[in-house]
Amino acid sequence: MSEQIGSAISVDHLTRRFGTGADQLTAVDDVSLTVAAGSVVALTGPSGSGKSTLLHLIGAIEQADEGSVTVDDVVVSALRRAALARYRQRVGFVFQRYHLLPALTVLDNVIAPVLPRRGRADHATRARELLDAVGLAGRERALPAQLSGGQQQRVAIARALMGAPGLLLADEPTGNLDSTTGGQILDLLLDLRERHGMTILLATHEQAIAARCDRLVRLTDGRVTEDLDLTDGEDPADTYERAARLRL
Ligand SMILES: Nc1ncnc2c1ncn2[C@@H]1O[C@H](COP(=O)(O)OP(=O)(O)OP(=O)(O)O)[C@@H](O)[C@H]1O
Ligand SMILES: [Mg+2]
């Protein structure tokens, strides 16, 4: 996967159903989407519209019933076992509720995804660099419970970056945070994109967050119902006017 500019994504007629018979629900319904390498895309839509499911399918946390996901030259939906595990290591996933391991220190939480691999000293060095990059230098030995929500989310972001992903999938990364802290987390993601070259796909309910992304894709009942290019001759600083127009 490309690490300089980030990964390109192609989602093709992707469908994911849950349940059977009369109870069957189509969470992602024939979604096709291409995402340019290095772009930051906001995935919006009402609760239950399929945002998390789509992120899970792209991150190969769940399998599609129909359609395909291609990331750079890898057909993710066709991967099996070892190749799938390798792909998952190369995609960063930030969950809404941080999912930190409460008994592990901040440093060990960041190292956790690569623990089975050799070279703990190298991993620790990289983890420290990442914690520094997310503004948590000096907190390596703290436990998650000793950190604020925003700090825990920073740990989760550092952990997601451990495998140097070309693609970062973030499921409401600012959802549990106040708007100032949420804005800082987005600053951090945009800065990481600039410095490391990454494609970022983030689910959000917040118009102020979506307005700062390059593109907005809205899902309704599992389908794409709006797809807006937000880089279109706009002043990126003018987020409030953009947010108002987005009617989130
Ligand atoms: N594991 C599951 N089993 C059954 N139904 C599921 C499962 N996961 C999701 N769904 C259903 O699929 C639909 C889409 O859910 P999803 O979590 O993707 O929505 P969302 O847009 O992320 O919502 P929210 O904004 O509340 O996070 C919902 O109706 C949900 O109930
Ligand atoms: Mg969700």
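If a residue must be of a type in the set (S, T, Y), modelled with pLDDT under 90 and open to solvent by 30 Å² or more (accessible area, probe 1.4 Å), how many such residues does segment 198-248 contain?
Quick first cut of segment 198-248, residues of a type in the set (S, T, Y) only: 199, 204, 220, 225, 231, 239-240.
In the following step, the residues that additionally are modelled with pLDDT under 90 were identified as 231, 239-240.
If we keep only those that are open to solvent by 30 Å² or more (accessible area, probe 1.4 Å) too, we end up with 231, 240.
The total comes to 2.
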Checklist entry - Is there a residue being touching a helix residue (DSSP H, G or I) at 6+ places or on another chain (Cβ under 8 Å) and part of a loop (DSSP other than H, G, I, E, B) anywhere in segment 120-133? => result no
Next on the checklist: I'm trying to understand the selection: among the residues of segment 4-49, which are within 22 Å of V74 (Cα to Cα) and assigned to a loop (DSSP other than H, G, I, E, B)?
Outcome noted: Q4, I5, G6, S7, A8, A36, A37, G38, S39
Item to check | Output for segment 113-138, where each listed residue is farther than 21 Å from T180 by Cα and surrounded by fewer than 17 Cβ atoms within 10 Å (Cβ to Cβ) | outcome: L115, P116, R117, R118, G119, R120, A121, D122, A124, T125, E129, G138
Checklist entry - Among (1) within 30 Å of D187 (Cβ to Cβ); (2) surrounded by fewer than 17 Cβ atoms within 10 Å (Cβ to Cβ); (3) charged (D, E, K, R), where does K51 come up short? => result (2)
Next on the checklist: Could you tell me how many of the residues in segment 201-218 are closer than 19 Å to L168 by Cβ and either part of a strand (DSSP E or B) or touching a His at 6+ places or on another chain (Cβ under 9 Å) (or both)?
Outcome noted: 6
Next on the checklist: Against the definition (surrounded by 13 or more Cβ atoms within 10 Å (Cβ to Cβ) and in contact with a Phe, Trp or Tyr (Cβ under 8 Å, 6 or more places away or on another chain)), how does V76 come out, yes or no?
Outcome noted: yes
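Are any residues in segment 100-119 out of contact with any helix residue (DSSP H, G or I) (no Cβ under 7 Å at 6 or more places or on another chain) and at pLDDT 85 or above, and if so, which ones?
Restricting attention to segment 100-119, the residues satisfying the condition of being out of contact with any helix residue (DSSP H, G or I) (no Cβ under 7 Å at 6 or more places or on another chain) are 103, 105, 108, 115-119.
If the condition is that a residue be out of contact with any helix residue (DSSP H, G or I) (no Cβ under 7 Å at 6 or more places or on another chain) and at pLDDT 85 or above, then A103, T105, D108 are the ones that fit.
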Checklist entry - What is the one condition in (1) within 24 Å of Q96 (Cα to Cα); (2) part of a strand (DSSP E or B) that H56 does not satisfy? => result (2)
Item to check | First in segment 38-54 and β-branched (V, I, T) and within 9 Å of ligand 2 (Cβ to nearest atom), second anywhere and open to solvent by 20 Å² or more (accessible area, probe 1.4 Å) and not in a loop (DSSP other than H, G, I, E, B), Cβ under 6 Å, 6 or more apart | outcome: T53/R16
Item to check | Subset of segment 48-80 [within 25 Å of D229 (Cβ to Cβ) and within 16 Å of ligand 1 (Cβ to nearest atom)] | outcome: S49, G50, K51, S52, T53, L54, L55, L57, I58, G59, G67, V69
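Looking at segment 84-93 only, could you name the residues that are open to solvent by less than 30 Å² (accessible area, probe 1.4 Å), within 13 Å of the chain's Cα centre (by Cα) and more than 16 Å from ligand 1 (Cβ to nearest atom)?
Filtering segment 84-93 down to residues open to solvent by less than 30 Å² (accessible area, probe 1.4 Å) leaves 84, 87, 91-93.
Remaining after also requiring within 13 Å of the chain's Cα centre (by Cα): 91-93.
Listed by number, the residues that qualify are V91, G92.
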Checklist entry - For segment 94-117, does any single residue satisfy the condition of being within 19 Å of L186 (Cα to Cα) and charged (D, E, K, R)? => result yes
Next on the checklist: Residues to consider are Q96, Q152, Q63, Q146; find the one that is open to solvent by 40 Å² or more (accessible area, probe 1.4 Å), of a type in the set (S, T, N, Q) and over 24 Å from D29 (Cα atoms).
Outcome noted: Q146
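Any idea how many residues of segment 166-185 are open to solvent by 40 Å² or more (accessible area, probe 1.4 Å) and within 16 Å of ligand 2 (Cβ to nearest atom)?
Here is the first cut: in segment 166-185, the ones open to solvent by 40 Å² or more (accessible area, probe 1.4 Å) are 176, 178-180, 184.
Checking the rest, the ones that are also within 16 Å of ligand 2 (Cβ to nearest atom) come to 176.
Matching residues across segment 166-185 total 1.
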Checklist entry - Does segment 38-47 contain any residue that is within 16 Å of ligand 1 (Cβ to nearest atom), under 24 Å from R17 (Cβ atoms) and surrounded by fewer than 17 Cβ atoms within 10 Å (Cβ to Cβ)? => result yes
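The values are calculated or read from the model by the stated rules, or taken from the named source; none is laboratory data. Just so we're clear, the structure is a prediction, and the values are computed from it rather than from any experiment. Don't worry about glycine lacking a Cβ; one is built from the backbone with ideal geometry, like all the others, and counts go over all protein chains shown. Quick note on the areas: whole protein, heavy atoms, side chains included, nothing else; ligands and nucleic acids left out. Shrake-Rupley method; radii C 1.70, N 1.55, O 1.52, S 1.80 Å.
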